[in-house]
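Have a look at the structure below before the remarks.
The values are calculated or read from the model by the stated rules, or taken from the named source; none is laboratory data. Here the structure is a predicted model, which means the values were calculated and not measured. Glycine gets a Cβ as well: all are built from the backbone with ideal geometry, and neighbour counts include every protein chain shown. The protein model used for the area step is the full one, side chains on, heavy atoms only, and it has no ligands, DNA or RNA in it. Shrake-Rupley method; radii C 1.70, N 1.55, O 1.52, S 1.80 Å.
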Amino acid sequence: MKMVKNSIKNLTAYKACDLPFTVKLDANEGKNILLEDTIKEGLKFDESFNLNYYPDDEASLLKNEISKYVNIPSENIIVGNGSSEMIELVIKTFVDKDEIILSPTPSFSMYSIFAEIYSTKFIGVPCNKDFSIDIDKLINRANEINPKIIILCNPNNPTGYLMTKKDITKLIENTSAIIVVDEAYIEFAQGSMINEVFNYDRLIVLRTLSKALGLAGIRLGYMGANTDIIEIINRVKSPYNLNSVSQYIGVQAFKNKSKIFDYVEEVKSQRDFLYSKLKEMEIKVYSSSGNFVFFNSNIENLYGKLADKGILIRKFKEDLEGYYRVSVGNENENRIFIENLKEIIKYEKI
Ligand SMILES: *Cc1c(COP(=O)(O)O)cnc(C)c1O
């Protein structure tokens, strides 16, 4: 196809894994804790719910709930189709053709994909050998090449590394870029920057309902920023970007938000379990602040061997060949993963 624009000529479509499975630990999806009962009883829509009308463009009821959840006013929030839409909106709004987006690598693949689509330049700053991030190196690189935005994934996907608030603050104060902090996994860690949007006018924080709130299926993400940024991004956002059903379900979900804390604690304790079991098996495993664990193994085609047993994890290519990310599942799922991994290792040794 000759007519395709240059920037996407080399792009390939995102392909979600569609292998059959019994244990799915490849996409960091949480458990459906918030709407379990609601769905069992049958989702009920009240008479104010009108699918013939366009959705509330302001998503007022939903923003109101999010506002209570993260403790910033509604006017500092934009909602949309997953934090993926938020990442795209920020790039669309602020980065011109050939301007630079800087980000530590390895990290979430969507940053460089959106960068490419919009003909911007994505530059990665490699993290340390142990996957920690050297903040001074990042600051120096930023001051050399003057990026328009710097995107941090915190905690980082796929490594699980958590930057401190102190480091992020240092980055903001010593650079002039817009700093985007993708906090998809922050509930499993500490040190959210979302309440700092009043202190820093170049700070944007992205959050999602896909992970700790276990609602990846409704595609709901949001951003927090000061009202100047919100006003500008609203000019670029498609009208009615978040459908009425997701808005409605989002509001219902937040009614049960007391359950989030218990769930997060359970994930953290299961994360410790996975970490210590992998360590016992003499696998190189990295301490994680997300709902997943990152590890390295020289077993050939470990991904395929687990998939054959119906267990899906995430594998990586190129520089991260031999590295894997396993989502923290429930106790039973994690036990099945560990037992099968043990068996594979035993077989390798024969
Ligand atoms: C899962 C994930 C998201 C969430 O994306 P949604 O579009 O909200 O489902 C965002 N950023 C990172 C780094 C993620 O891992």
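Please go through the residue pairs K40/K68; K309/K346; K24/K315; K211/K268 and name each one whose alpha carbons sit more than 19 Å apart in this structure. Walk me through the numbers before you get to the answer.
Values: K40/K68 26 Å; K309/K346 15 Å; K24/K315 13 Å; K211/K268 13 Å.
Violating the 19 Å limit, Cα to Cα: K40/K68.
In Å and on Cα atoms, what radius of gyration and Dmax does the range 146-233 show?
When restricted to the Cα atoms of the range 146-233, Rg and Dmax are 12.9, 39 Å.
With every protein chain left in place, what is the accessible area of K92 in Å² (1.4 Å probe, nearest 10)?
Only protein atoms counted, so the area is about 90 Å².
Under a 5 Å amide H to amide H cut-off, with H placed in plane at 1.01 Å, what residues pair with F292 once short-range neighbours are removed?
V328
Any chance you could tell me what percent of the C-alpha pair distances in the range 175-317 go past 27 Å? Kindly include the intermediate steps, with their values, before the conclusion.
Details: 4083 of 10153 pairs.
The calculated P(r) of the range 175-317 puts 40 percent of pairs beyond 27 Å.
Expressed as a whole number of Å, what is the distance separating the alpha-carbon centroids of the range 110-186 and the range 299-350?
The range 299-350 and the range 110-186 have Cα centres spaced 29 Å from each other.
Can you work out the Karplus-derived ³J(HN,Hα) for every residue in the range 146-158? Use 6.51 cos²θ - 1.76 cosθ + 1.60 with θ = phi - 60°, whole Hz, and x for glycine or proline.
Whole-Hz 3J(HN,Hα) from phi for the range 146-158: 6, x, 6, 10, 10, 9, 10, 9, 9, x, 7, 9, x.
Return one whole number: the accessible area per residue of the chain in Å², for a 1.4 Å probe. Don't skip to the end; give the middle numbers.
On the way: 17550 Å² over 350 residues.
On a per-residue basis, the chain sits at 50 Å².
Wrap a convex hull around the Cα atoms of the range 94-179, take a quarter of its surface area, and give that in square nanometres.
Numbers: hull surface 20.0 nm².
Spelled out: convex hull of the Cα atoms, projected over all directions, averaged, 5.0 nm².
Between S119, L162, N143, whose Cα lies farthest towards the positive end of the dipole of the range 98-190 when Lys and Arg beta carbons carry +1 and Asp and Glu beta carbons carry -1, centred on the Cα centre?
With unit charges placed on the Cβ atoms, the residue in question is N143.
Over the Cα atoms of the range 221-275, what is the Rg over Rh ratio if Rh follows Kirkwood?
Details: Rg = 17.0 Å, Rh = 14.5 Å.
Here Rg/Rh amounts to 1.17.
One quarter of the convex hull surface, Cα atoms only: what value does that give for the range 238-350 in nm²? Walk me through the numbers on the way to the answer.
Details: hull surface 40.4 nm².
Reported value for the Cα convex hull: 10.1 nm².
How big is the Rg/Rh ratio for the range 54-114, C-alpha atoms only, Rh by Kirkwood, two decimals?
Details: Rg = 14.5 Å, Rh = 13.7 Å.
Across the range 54-114, the Cα-based Rg/Rh ratio is 1.06.
Sort 316-329, 33-46 by the packing proxy (mean of other Cβ within 10 Å over each peptide's residues), most packed first. Write down the numbers at each step before the final one.
Working: 316-329: 17.8, 33-46: 12.6.
Top of the packing list down: 316-329, 33-46.
How large are Rg and Dmax for the chain when calculated on the C-alpha trace, in angstrom?
Here Rg and the maximum Cα pair distance are 20.7, 66 Å.
Could you list the square roots of 5 times each eigenvalue of the Cα gyration tensor of the range 28-187, that is, the equivalent ellipsoid semi-axes, sorted largest first and rounded to whole Å?
Working: eigenvalues 233, 73, 45 Å².
For the range 28-187, the ellipsoid semi-axes come out as 34, 19, 15 Å.
So how exposed is M110, as accessible area in Å² (1.4 Å probe, rounded to 10)?
Result for M110: roughly 30 Å² accessible.
Convex hull over the alpha-carbon atoms of the range 22-80: what's its volume per residue in Å³?
Working: hull volume 10.0 nm³, N = 59.
Per-residue hull volume (Cα only) is 170 Å³.
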